[in-house]
Amino acid sequence: MKLITTWENLSDDEPEIQSGAKVKNADYVQQAEECLFGNYRRAPVAFSHGFGSRLFDVEGKGYLDFIGGVAVSSLGHAHPRLVEAISAQAGRYLHASNLYQLPEQIKAAQMLIHLSGLERVFFCNSGTEANEMAIKLARKHASENGRGPRILAAHNSFHGRTMGSLAATGNPAYHKGFEPLPGGFEFFPYNELAPWEAAMGPDVAAILIEPVQGEGGVFPGTLEFLHGLEELCREHKALFIIDEVQTGIGRTGAMFCYHSHALRPDVVTLAKGLGGGVPIGAVMATREAAAVMGPGTHGCTFGGNALATAAAQVVLEEVELLLMDIDERSKQLVSGLEKLPHVTGVRAAGLLIGVDLDIEAKTVELACMEQGLLVNSVRAQTLRLAPPLVLTEEDVQEALEILGGVLGK
Ligand SMILES: *Cc1c(COP(=O)(O)O)cnc(C)c1O
């Protein structure tokens, strides 16, 4: 076994290693295998820096980033205001915990309340944590109101990987080997209201739903379906919980997707795009729903710390300014995609786009990477695009040319 004796022996982000030879992407593949869990299928590319919609790997090759770290890099890379806010906050203080009043957290919450119309905010670090909190809230709300604990969710949904959110995820493939999972979750078809109506009753605590199924392959919920679920919740006094972890913060063209559908959820969960790359999640709720989570019911050590919420403030301000352009970029991208060979269908919700192919998506993903375009094969024959919201008309044009070149072959 090789012993590490000094920090200098460890690889750093300089593009040179001890021998003086240039670092290659491939060098990291073996290193990763020897030190990291093998739970991801990683592409053999290691990045060194970026700006806007572009990333550069350690060999100096540039890529148009059309997956944005899975709908996370809402402001692209090295956004000057985000860099400035994070640096400035690091120079003041990063963390003090929720034992104290946190001005940055309060400001970010006030902004979310102003933008959403909901009334209370809880911060955590990720999407699964946000849903975990929402599930606990639903159970507590039900128990305080003399209702049952059932939570209804959709087939093909994705709500996260921790035990509670996993139990709420309607995809048996994610469950396999991890049973027993927390009980009380039931699954019904997406965009088909009748089975939900039949299942509803006084023992239902909540319905948990994505307005667009992102991980499931980019399937937008219909207006009728989502409104139907909301009405069922009203009628039966259950909580209507919308998972906007992927769709929130401008992704679909509105600040929140539920706004464009004129829905009135009791609880909304957020994460991915909210920090522009800084880990943060949030639960927004009505005052009435939030009230059940009193002192001691839940907590999160890092949740809403000064660094993460300083970043979120900048993201919220900047995304508001970008909202006007998102539809236009989306239309440009969709109309270009529809003309490409092997494309059999395009489903778009703003800049969250699913592209159905009649060939294997993974092969296309790898060929695009080779040509300097990052996309994600979300299903066997479906690509997902979730580019930074700052992308330009020229970025879209260039991406379409690369993808056209790959699919034309
Ligand atoms: C990504 C995602 C999650 C999980 O978020 P993590 O930050 O990976 O825990 C939950 N719900 C939806 C809709 C997502 O897209």
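The values are calculated or read from the model by the stated rules, or taken from the named source; none is laboratory data. All values derive from a computational prediction rather than experimental measurement. All Cβ positions, glycine included, derive from the backbone under ideal geometry; neighbour counts span all protein chains shown.
Before moving on, here are some points about what is shown:
- Yes/no for residue 138 being more than 14 Å from the ligand (Cβ to nearest atom) and surrounded by 15 or more Cβ atoms within 10 Å (Cβ to Cβ): yes
- Annotation: residue 300 fulfils all but one of (1) among the hydrophobic types (A, V, I, L, M, F, W, C); (2) away from the ligand (no atom under 16 Å from the Cβ); (3) surrounded by fewer than 24 Cβ atoms within 10 Å (Cβ to Cβ); the unmet one is (2).
- For the stretch 210-264, residues that are part of a loop (DSSP other than H, G, I, E, B), within 14 Å of the ligand (Cβ to nearest atom) and not charged (D, E, K, R) total 13.
- If only residues of the stretch 113-132 that are in a helix (DSSP H, G or I) and more than 12 Å from the ligand (Cβ to nearest atom) are counted, the one that is farthest from residue 165 (Cα to Cα) is 114.
- Here the stretch 141-167 is the region considered, the condition is being touching a Gly at 6+ places or on another chain (Cβ under 8 Å) and hydrophobic (A, V, I, L, M, F, W, C), and the residue that is farthest from the ligand (Cβ to nearest atom) is 142.
- Looking at 357, 337, 351, just one residue is closer than 20 Å to residue 214 by Cα, crowded, with 19+ Cβ neighbours inside 10 Å, aliphatic (A, V, I, L, M) and touching a Pro at 6+ places or on another chain (Cβ under 7 Å), and that residue is 351.
- Any hit, the stretch 217-234, residues being farther than 23 Å from residue 264 by Cβ and buried (at least 24 other Cβ atoms within 10 Å of the Cβ): yes
- Checklist (1) within 16 Å of the ligand (Cβ to nearest atom); (2) assigned to a loop (DSSP other than H, G, I, E, B); (3) out of contact with any strand residue (DSSP E or B) (no Cβ under 8 Å at 6 or more places or on another chain) applied to residue 273, failing item: (2)
- Taking residues in the stretch 152-168 that are among the basic types (Lys, Arg), and partners anywhere that are part of a helix (DSSP H, G or I), the pairs with Cβ atoms closer than 6 Å and at least 6 places apart or on different chains are 161/128.
- Each residue in the stretch 135-181 was checked for being within 25 Å of the chain's Cα centre (by Cα) and part of a strand (DSSP E or B), and 6 of them qualify.
- From 113, 135, residue being among the aliphatic types (A, V, I, L, M), modelled with pLDDT of 95 or more and in contact with a helix residue (DSSP H, G or I) (Cβ under 6 Å, 6 or more places away or on another chain): 135
- Positions within the stretch 366-409 being surrounded by fewer than 21 Cβ atoms within 10 Å (Cβ to Cβ) and of a type in the set (Asp, Glu), in sequence order: 370, 393, 394, 398, 401
- Among residues of the stretch 295-324 that are of a type in the set (Asp, Glu), those with a beta-carbon under 7 Å from a residue that is crowded, with 22+ Cβ neighbours inside 10 Å at least six positions away or on a different chain give the pairs 318/75.
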